[in-house]
1. Show the residue pairs that are 6+ apart or on different chains and have beta-carbon atoms under 7 Å apart, the first residue being within the stretch 61-87 and over 17 Å from Ala28 (Cα atoms) and modelled with pLDDT of 95 or more, the second being of a type in the set (Lys, Arg) and open to solvent by 70 Å² or more (accessible area, probe 1.4 Å).
2. Is it true that some residue in the stretch 71-87 is more than 22 Å from Arg127 (Cα to Cα) and in contact with a Leu (Cβ under 8 Å, 6 or more places away or on another chain)?
3. What pairs come out if I take residues in the stretch 114-140 that are of a type in the set (Asp, Glu) and pair them with residues that are part of a loop (DSSP other than H, G, I, E, B) and open to solvent by 10 Å² or more (accessible area, probe 1.4 Å) whose C-beta lies under 6 Å away, six or more apart or interchain?
4. Evaluate the stretch 112-120: report whether one residue or more is among the β-branched types (Val, Ile, Thr), touching a Leu at 6+ places or on another chain (Cβ under 8 Å), closer than 20 Å to Thr36 by Cβ and part of a helix (DSSP H, G or I).
5. On the basis of being among the small types (Gly, Ala, Ser) and open to solvent by less than 40 Å² (accessible area, probe 1.4 Å), does Gly119 make the cut?
6. Look at the stretch 39-73 and say how many of its residues are surrounded by fewer than 17 Cβ atoms within 10 Å (Cβ to Cβ) and part of a helix (DSSP H, G or I).
7. Take Glu48 and decide whether it is of a type in the set (Asp, Glu) and under 21 Å from Gly124 (Cβ atoms).
Amino acid sequence: MTSQVVFETKIAIIVRDDLQTWRKLNLAAFLSSGVTHLAPEAVGDPYEDADGTKYAPMLGQPVLVFAADTAGLTRSLERALGRGIVPAVYTEDLFATGNDLDNRAAVAAVARTELNLVGIALRGPRRDVDKVTKGLPLHR
């Protein structure tokens, strides 16, 4: 049984297009955790298979993954903030850290305009997220 659901919100992850595949996957996983923290209502119910084995819940709506260059990431961050959306950010410095404390310190040490962004994630009203991601291609 399938049904077409139209969500009032949209989730987008934007990754820098020149990264190695493993880095894109790594930062997308981290960034999606930021969305679930800021919007716990976006998480669906736990899963269970026909045998009764239980599985963790996941986001209950699609996540669109876009690609961008450095300028596109910076522009998207500014657009999100300008629309009142609090994004999750991942900077290149975070690839060299190994824990949340060092991650937060790495971001805190740099002014927003100087962040070396490699990815951002956001969830917001569909129209706002569409404006933030305008002109960006879906990641392939």
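1. Close Cβ pairs satisfying both conditions: Arg79/Lys131; Arg83/Lys131.
2. No, the stretch 71-87 contains no residue that is more than 22 Å from Arg127 (Cα to Cα) and in contact with a Leu (Cβ under 8 Å, 6 or more places away or on another chain).
3. Asp128/Arg83
4. no
5. On the way: among the small types (Gly, Ala, Ser): yes; open to solvent by less than 40 Å² (accessible area, probe 1.4 Å): yes.
It is true that Gly119 is among the small types (Gly, Ala, Ser) and open to solvent by less than 40 Å² (accessible area, probe 1.4 Å).
6. Summing the residues that are surrounded by fewer than 17 Cβ atoms within 10 Å (Cβ to Cβ) and part of a helix (DSSP H, G or I) in the stretch 39-73 gives 4.
7. Considered against the rule, which asks whether it is of a type in the set (Asp, Glu) and under 21 Å from Gly124 (Cβ atoms), Glu48 comes out as no.
Here's the yes/no breakdown for (1) over 18 Å from Val118 (Cβ atoms); (2) in contact with a Gly (Cβ under 8 Å, 6 or more places away or on another chain):
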residue	(1), (2)
Ala12	no, no
Gly34	no, no
Pro40	yes, no
Thr70	no, no
Ser76	no, no
Ala88	no, yes
Glu92	no, no
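The values are calculated or read from the model by the stated rules, or taken from the named source; none is laboratory data. Since this is a predicted model, take the numbers as computed values, not measurements. Note that each Cβ is placed from the backbone with ideal geometry, even for glycine, and that neighbours are counted across all protein chains shown. Accessible surface is based on the protein model in full, side chains and every heavy atom, while ligands, DNA and RNA are left aside. Shrake-Rupley method; radii C 1.70, N 1.55, O 1.52, S 1.80 Å.
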